[in-house]
Amino acid sequence: TKYTVGDYLAERLVQIGIRHHFVVPGDYNLVLLDKLQANPNLTEVGCANELNCSLAAEGYARANGVSACVVTFSVGALSAFNGTGSAYAENLPLILISGSPNTNDASQFHLLHHTLGTTDYSYQLEMAKKITCCAVAIARAHEAPRLIDRAIRHALLARKPCYIEIPTNLSGAECVRPGPISAVTYPITSDKAALEAAANCAAEYLSGKLKPVILVGPKLRRAGDGAEEALLKLAEAMGCAVAVQPAAKGMFPEDHKQFVGIFWGTVSTDAADSIVHWADALLCVGTVFTDYSTVGWTAMPDIPLMAAEMDHVTFPGAHFSRVRLGEFLSHLATQVKYNNSTMIEYNHLKPDPVLVHTAAPGDELTRKEISRQIQALLGPKTTLFVETGDSWFNGVQLKLPPGAQFEIEMAWGHIGWSIPAAFGYALRHPDRKTIVMVGDGSFQVTAQEVSQMVRFNLPITIVLINNRGYTIEVEIHDGSYNKIKNWNYALLVQAFNGEDGNAKGLSAKTAGELQDAIKVASENTQGPTLIECSIDQDDCSRELITWGHFVAAANARPPRLSGA
Ligand code: TPP
């Protein structure tokens, strides 16, 4: 049988480690979907809509390192751009694949369905260029191998999404077979001279400082390349305090004696800010400083920073390109002097552990009690997803035992991300226990994707915290728009069962009811369990309120007029 463009793409996806592809069908991609389906190593995963499809692929990329999302032209792709934006901001190689019009239509100036009603069909490619690291449109079948390989290679190297557009009449067109996959996946190694120079320079810089601290950011894990293990070695060689940004929670073990908490300015955990602000040298590894992660810029460190990134190192007075993070950290680990001054100081500053009060079974449910019960669920095989909202703050404060994983979408911050993303993640990691903490407002955005968890019998536990509205927004800037329609969430989830599902929906108003519901969830191994936790509207974390005030102040800075 004839080998086609669609077969080529399928084979490349398999070769880079993709086992599931997320799709919504449409007439511009149907032949392509048939071709992908025909590959025995790919499982097709249908989603309820393209926003959810792209976010499911975003979550799959977190678990698998790379993912694919296949949609139809415009009506599909424009919705999938949102999850693609997330993958860009969160440094995940998501391959967005869109069907497109028949190659004869543009030159014949035909008007087509699902388009803007003009005869220019290049707009989708032009839009995709802005939100991917490489966007290609295949115009002739013989170009497919080159363009597909190029887009995938760029995405893998940059840890960013790419875009591949395939006309509806080319997916089934004849194509040559692919060459060795190593040509697409071969890594870029460090420039030896630059690596040596960067490590020497960094070791010298650090040796001239008295109070070095390491700050870990979310791009550490995304860099791959053994960077996480290398950082652990470096930290132990330095003996200094290691603080972690909220979006990097879990990237440095929280039970390690040098872990000093989550650095998030005034809403830090374990007083991490006290030691970060005391430091005279800050080695920033894959850090991301935004208005959110710096609490409205109030926590932006004011000393010169050494920044080690995926492919370069920059510090006061020097810059080194083409230095791989893993190699740099390992190299530096052999050259640094041991200096535990910041650990000695931190051990004085460290707050005493707070005794968590256990509620009586009949007590009304509170945010603190929900956190206490979720804490007890965390083990070496748990992955906790925390959604935008107070779940960020409640989740960040939990202690991760060894092996527990934490997922947060703090850069893009799309409410509704957690449901499809957890679905995509759990498909790839059926061996882990996936738990989602999500607010009522966020849940309403992507609720349909619970039905895919039902379809694939995934035992995800969804802890839905119902505080009747957009509380995080109330704290930043309140108005009537922050109130939402209440739903019967427990019933809704059961409706997704249709005639054959195993989802359970429960609601808890007391501590005892939550305990019982958690037991039901742990026994439901054949489908998702949603637990609606009703709490008082005013029951939100001190950290959310404090953070909200500073972010609101940053948002409200008056325009600075130049030349006035
Ligand atoms: N639209 C999208 C797609 N993403 C957003 N982040 C927002 C709007 C703005 N936004 C941020 S948080 C939020 C909104 C609307 C409300 C979240 O409410 P909820 O999930 O109930 O969590 P809570 O704050 O109550 O804990």
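Descriptive notes on the structure:
- E473 vs. criteria assigned to a helix (DSSP H, G or I) and either within 15 Å of the ligand (Cβ to nearest atom) or among the charged types (D, E, K, R) (or both): yes
- Filtering the range 101-124 to residues that are among the polar types (S, T, N, Q) and surrounded by 11 or more Cβ atoms within 10 Å (Cβ to Cβ) leaves N102, T103, T115, T119, S122, Q124.
- Within the range 464-485, residues that are within 22 Å of D291 (Cα to Cα) reach partners that are more than 8 Å from the ligand (Cβ to nearest atom) with beta carbons closer than 7 Å, at six or more positions or on different chains, in the pairs I472/G548; E475/I545; E475/G548; I476/G548; I476/V551; I476/A552; H477/A552.
- Cβ-Cβ contacts under 8 Å between residues 6 or more apart (or on different chains), taken from a first residue in the range 321-344 that is outside any helix (DSSP H, G or I) to a second residue that is polar (S, T, N, Q), are listed as R322/S190; V323/S190; R324/T189; R324/S190; Q335/N200; V336/S207; K337/S207.
- Given (1) within 19 Å of V445 (Cβ to Cβ); (2) under 27 Å from the mean Cα position of the chain (by Cα), index of the condition V551 fails: (1)
- Matching entry among G389, G441 (being small (G, A, S), within 16 Å of the ligand (Cβ to nearest atom), closer than 26 Å to Q537 by Cβ and more than 16 Å from the chain's Cα centre (by Cα)): G441
- Where I462 falls short, out of the listed (1) more than 16 Å from the ligand (Cβ to nearest atom); (2) within 20 Å of the chain's Cα centre (by Cα): (1)
- Figure legend. Inter-residue proximity from the range 386-400: first residues at pLDDT 95 or above, second residues hydroxyl-bearing (S, T, Y) and away from the ligand (no atom under 11 Å from the Cβ), beta-carbon distance below 7 Å, spacing 6+ or different chains. Indicated pairs: N394/S371; V396/T269; Q397/T269; Q397/S371; L398/S371.
- Matching strands (runs of 3 or more DSSP E) fully within the range 245-310 where at least 3 residues are buried (at least 21 other Cβ atoms within 10 Å of the Cβ) and at pLDDT 95 or above: 259-262, 281-285
- For the range 392-409, the set of residues classified as closer than 26 Å to E513 by Cβ, away from the ligand (no atom under 16 Å from the Cβ) and not charged (D, E, K, R) consists of P401, A404, listed by residue number.
- Answer residue from the range 484-511, given it is out of contact with any Asp or Glu (no Cβ under 8 Å at 6 or more places or on another chain) and in a helix (DSSP H, G or I) and is surrounded by the fewest Cβ atoms within 10 Å (Cβ to Cβ) among those: L491
- Residue check for L156: in contact with a strand residue (DSSP E or B) (Cβ under 7 Å, 6 or more places away or on another chain) and aliphatic (A, V, I, L, M): no
The values are calculated or read from the model by the stated rules, or taken from the named source; none is laboratory data. Source: prediction; values computed, not measured. Glycine also receives a Cβ, built like all others from the backbone with ideal geometry; neighbour counts cover every protein chain displayed.
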